[in-house]
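The values are calculated or read from the model by the stated rules, or taken from the named source; none is laboratory data. Note that the structure is a prediction, hence the values are computed from the model and not measured. Every residue, glycine among them, receives a Cβ derived from its backbone with ideal geometry; neighbour counts consider all protein chains shown.
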Amino acid sequence: MQQQSELENFQIDWSQVSKPKLSEKRTKKQEIKQTIQTEVNVFDRISICFRYRISTLITQMGKPQYYCKFDPKLKKTVQPNNNQKKNLEEQLSKIAAQLELSCRFITRSMFQINRQPLLKSMGIDIRSVLTKAQNDKEFQKLYLDLDDQSEEQRKKEEETEKILAQIQPLSEAQVKEEIEKLRKKHNLNQNQYLYVIQGSYFDDMKTLFNSLGWVEIDDVYTQVYDFKFCYLKKFLHKPIPEQVVSRFASTKLLTTKFGLARSLKSCYILGGVDPNTFFPRCYDLSDEGDFEDFLEEYKFTFAENYLKKNPKDEEKILIAIQILNNKLMPIQNKINRITADDYPVCTPQQWQILYNKPEPKQEIVQFNNPNIMEQVKQILQNLSIVDPQFKISKGDNIWVTKPFGLSRGRGVKYFKELEEILAYTFGAKDVNFVAQKCLENIMTIEKRKFDIRQWMIVSDIQPLTIWMYKECYVRFCGVEYNTDDLKNRYAHLTNFSVQKHNEDNQEEKLMMSQEEFAKVLKERGFDFESQVRQQFINIIIATMKSCQKSIEIRKNTFEVFGLDFIVDDDCNPWLIEVNASPTFAFSTPVTERLNKMGLTDLGQFIVEHIYNKTKKKNYGGWELIYKQKL
């Protein structure tokens, strides 16, 4: 309490912080104005800014003989024996600021897994783990869907790349000249435009544009257009300022699996919301800092889950309690522990006992300490008070691994054991992964797992302007949810591209409308509007604020995103990922109705808001949920 009162009115001095060096290829961007939430005291700020509280702090501040490699800039901020040591407030200020700045850029600290010291301290021989996985035919089957493209799809992509490579880019003056020629040819007035739309399912949008006298250019590769809607950025070439396009130049820190996890580290500073309340902890396993975070967090999570699932071994119980006490330490104690000779989480010997020692087989166990189960109850209660993600673990310690750059559920696998996670993610060739904690307390309907797809539009980065569609839809697994069978994709992946391969599925049972879902929630005592939809809005705004500075400002640009949420058994939504170019396929009756309506309203939004510059707060089902005040 004394630490907290001393720091209560402290504000970060951002002038002392230098930005990370950018690569020579990166172009300078217009600085985005963003209000920093400095009224929060630094004690709370550091606890939440370090995404997983103690684990990132340990990694970034770890002593060299334990971690070998660490960030020298952050190491210098805490030097207990330094005569010129600055006060705690200044140290914590620099740490928080440097972490926030690092979240804006896609940088990684690469490493060799077989030389990772923290891994060795856990008694894991990674060479043996990988060799065993490579020789296991059943395990190797896990990689089959990492590349499930048909020969036809592969040839089509190769042909596309060849065509794009042969196109000679036009200068800005040439593009303007060619546009003017084509406009004159079609006798267009100032309110009529040349448009290009890539993909199917857009007939209603095209009908609207054509009714206004717009002219469609049936060439997705063309550089001559007024408006282009496409799925891939490469079809945009380099648009001139007057051209309206449907993709921002870079949204990697929003729409990639590792980028979203990185952006949300700064969510509390930039968005004013603790990301731990809506985004399950997630780690980029190809970055050394995040990889070490994951290993330390796995210890915490393993200890927590062990205590939650009827523990019987007194020695293991005491070690788990000690580990969780370390997690609950005040921030200054954590710093002191890291700079001292103590192991930050537990010793290698303690971990080996907790992780590998078999449980007693007898049903009833007599403990030497008669109060030990009261200690278990107390530590779990203390943890539940401070950890917003306490309820998502119910004793199984399930993690999901997701490969970078792949969609439609490809390569997504679920594991409980650390060795299996490492074997799968580091045994794959030329693929990087994130590891994310699974919600073990998910809400199910008819015993089946589901997630929710919600659309949003970002129509401006400065000022940040966000729209959300009035309806979402629910996607189901076709098989009952079962945590004892994590390899059954039909029980764990809701993607329609996965579920359609299960011959036993009935398509009409794989989707549910928002109206139907709201009725189910009402029957269970929940309210969709206040507990789900309003939380979607809060999460979307906080998420976009956290990555706003990483997106290049370009007027005449908008983008449609598809956000995936899972709802827990208390009806709390959790963001899983943000998708660029969400599908508008008419895969089921639910999506056919909603996609047709959404695309029609999107056409109205483009005409009235993007081109006619009207200032309405809704266009069909697209509703304004946030506009930044500059």
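Some observations on this one:
- Residue in segment 527-542 that is at pLDDT 90 or above and touching a Lys or Arg at 6+ places or on another chain (Cβ under 8 Å) present: yes
So that you can scan it fast, the table gives a plain yes or no per residue for (1) within 30 Å of residue 592 (Cβ to Cβ); (2) surrounded by 12 or more Cβ atoms within 10 Å (Cβ to Cβ):
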residue: 172; (1), (2): no, yes
residue: 175; (1), (2): no, yes
residue: 204; (1), (2): yes, yes
residue: 213; (1), (2): yes, yes
residue: 219; (1), (2): yes, no
residue: 228; (1), (2): yes, yes
residue: 233; (1), (2): yes, yes
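- Only residues that are surrounded by 22 or more Cβ atoms within 10 Å (Cβ to Cβ) and among the hydrophobic types (A, V, I, L, M, F, W, C) were counted across segment 422-437, and they come to 5.
- Pick from segment 253-285, criterion modelled with pLDDT of 80 or more and among the aromatic types (Phe, Trp, Tyr), ranking: farthest from residue 438 (Cα to Cα): 258
- Criterion (under 21 Å from residue 562 (Cα atoms) and part of a helix (DSSP H, G or I)) met by exactly one of 508, 529: 529
- Taking the criterion of being more than 24 Å from residue 568 (Cα to Cα) and not aromatic (Phe, Trp, Tyr), the residues of segment 285-305 that qualify are 285, 286, 287, 288, 289, 290, 292, 293, 295, 296.
- Residues of segment 179-202 classified as surrounded by fewer than 12 Cβ atoms within 10 Å (Cβ to Cβ) and within 33 Å of the chain's Cα centre (by Cα), total: 1
- When residues of segment 286-313 are limited to those that are modelled with pLDDT of 90 or more and of a type in the set (A, V, I, L, M, F, W, C), the one farthest from residue 256 (Cα to Cα): 307
- Search result, residues across segment 346-402 that are β-branched (Val, Ile, Thr) and either part of a loop (DSSP other than H, G, I, E, B) or surrounded by 14 or more Cβ atoms within 10 Å (Cβ to Cβ) (or both): 347, 353, 364, 365, 372, 376, 379, 392, 398, 400, 401
- For segment 235-254, filtering for residues that are surrounded by 20 or more Cβ atoms within 10 Å (Cβ to Cβ) and among the hydroxyl-bearing types (Ser, Thr, Tyr) leaves 2.
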